[in-house]
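Everything on this sheet refers to the single structure shown next.
The values are calculated or read from the model by the stated rules, or taken from the named source; none is laboratory data. Bear in mind the structure is a predicted one, so any value in this text is a computation, not a measurement. Don't worry about glycine lacking a Cβ; one is built from the backbone with ideal geometry, like all the others, and counts go over all protein chains shown. All accessible areas refer to the heavy atoms of the entire protein, side chains included, with ligands and DNA or RNA removed. Shrake-Rupley method; radii C 1.70, N 1.55, O 1.52, S 1.80 Å.
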Amino acid sequence: MSLGRLGWPSWWSLVMVFMSVFNGIAAELNDFGQETYGVDVSFPIQHATVSENYATLPHNIDPDHNSVDQKYKEMPVQPLGNKHEFYSNFMQGCRDFYGKSGRVCDSVERGRIEMGLRQPQSMYNYTELGFKKIRAPPEVYKLIQEFWKNNKDRGKLEVWSKGNTYTNNWDAPTKMVSVEDTTLRGAGLVLKQKLWDAAQNTLEEWTGEKLTPCSLYGVRIYQEGAVLATHVDRVPLVTSAIINVAQDVDEPWPIEVYAHDGKAYNVTMEPGDMVLYESHSVLHGRPFPLKGRFYANIFIHFEPVGHSLKFHGIQEDTDVQNQYRRAADASVGGHENDPHKEGLPYYLIPDSPEEPTWKSSHPEGWHTDGGSAVVTGSTVAHQAAIAGDIDTLKEIATQQKADLHKKDQNGWQPIHEGARAGHVHVVKLLVEHDANVNERSNHGVGGTPLHIAKQEKGTSGVIEYLESIGALDIGPDL
């Protein structure tokens, strides 16, 4: 039996082997030779309880001479002990903590279970198994380690929403060392972009999909006794990575994943290990309490942007965000003619159970707020120009000045974004740092910053400034 490929803890293997041999039950193995189990065994996944069909019950020990009680007919065999009592205590802890509002804990749990049933079957998958364990690329781990070394003692308690049962935060509060907290040494959008850039190639190579950065908060620190309920991430968190930053544990704290083959895998990680996973469709969590002082990891999330020929004939240049840019270059409105069904994201299967839920929370379809999301090739400088974040642009000017003038996939530079958004202070700063005021978007065939500004409302300040320095109003080629 090969248990080393994913680093499954020896104590776990021995317990499972002992139970199966002792009870005469033929244990099922996953693709890595690990003994596996079904859903609702370690934590509720398809029902609001865990299996009580213990391996020691007579009908499991001697099925030829003992009938199965109706109660157990639909339950998988439970080899992990009294997880029912564990889960009951978990939920009661939440209810007690929130007092009169404790019923919200049960509501959150119902939502978690319903999403875990509905979402995985509604998503396109991009890999065979749905997860992979590797060593983190050196450039990624070096950035994280430097940030961790400088700030590991400055984590702040995370505030979870009322009744949140995704962690047992009432018993084991989590801390966050945020890469967005500019009071921390080295934190800020520049570090965030570096981490995204360093991780993106690895995840794109694994999935074969073009990705855009989606979410990256910082290093979460779990404390002794922590539990992370098994769940799927809400879209657009689709293609993700977990990196073990540091730990002080008495025994491995595995991440449980239910792969595309339907089997449970328990993956242990050492500092510097990186697990790639399709977080929108692979159920994952840490349902076994952490034994040790702390466990620190970072989550890096991306969203596919539709640049794939693998599914339903989508061409490489038909993603919605790029469509907006091309429409602006042609001086027409964007988002009108999305080729995917009714504006659904490309990773959501049309007419699937998730479609009504997704559409109810996205009545405008798959598009970005104010057109401000990152497209392929976009940088922190583009985002800062859109947001009018002058401080970040100044930081970039001192550290990576070339990023002030980089083009995204559609040939837009930060100055084009700043002009379209009407941020005169942004445009002035970029010009002061050698931006070409007559640079045309769309790789030389689109509009100049002045032309783009004139197509938008609320940009009079930008127009006045650009005209005062002799900028040209050149429209896109027809």
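Using the Cβ-Cβ distance between K73 and Q121 with R0 set to 35 Å, the FRET efficiency works out to roughly 0.90. Here each label is just a point 7 Å from Cα along the line to Cβ, and for D434 and S88 those points are 7.1 nm apart.
Only lysines eight or more places from K73 in sequence, or on another chain, were considered; those with a Cα closer than 28 Å are K83, K263.
In this structure the stretch 182-279 gives 30 Å² per residue of accessible area when probed at 1.4 Å with all protein chains present.
Over the stretch 124-273, what is the mean sequence separation of C-alpha contacts under 8 Å (at least six apart), divided by residue count, expressed as relative contact order in percent? Relative contact order of the stretch 124-273: 29 percent. Other residues lying with their Cβ under 14 Å from the Cβ of L276 contribute a combined charge of -4, Lys and Arg counting +1, Asp and Glu -1. Taking one quarter of the surface of the convex hull spanned by the alpha-carbon atoms of the stretch 136-234 gives a direction-averaged projected area of 7.5 nm². Note on the stretch 187-259: the alpha carbon radius of gyration divided by the globular reference 2.2 N^0.38 Å gives 1.28.
Peptides 224-233, 78-87, ordered by how many other C-beta atoms sit within 10 Å of their residues on average, highest first, read 224-233, 78-87. Shape analysis of the stretch 80-169 based on the Cα gyration tensor places the equivalent ellipsoid semi-axes at 32, 24, 14 Å, largest first.
Note: relative contact order over the stretch 63-192, using C-alpha pairs below 8 Å and six or more positions apart, is 26 percent.
By the rule of a C-alpha distance below 18 Å, with chain neighbours fewer than 8 residues away ignored, the aspartates and glutamates paired with K454 are D329, E417, E439, E464, E467, D473, D477.
Each other residue within a Cβ distance under 14 Å of G186 adds +1 if Lys or Arg and -1 if Asp or Glu, for a net charge of +3.
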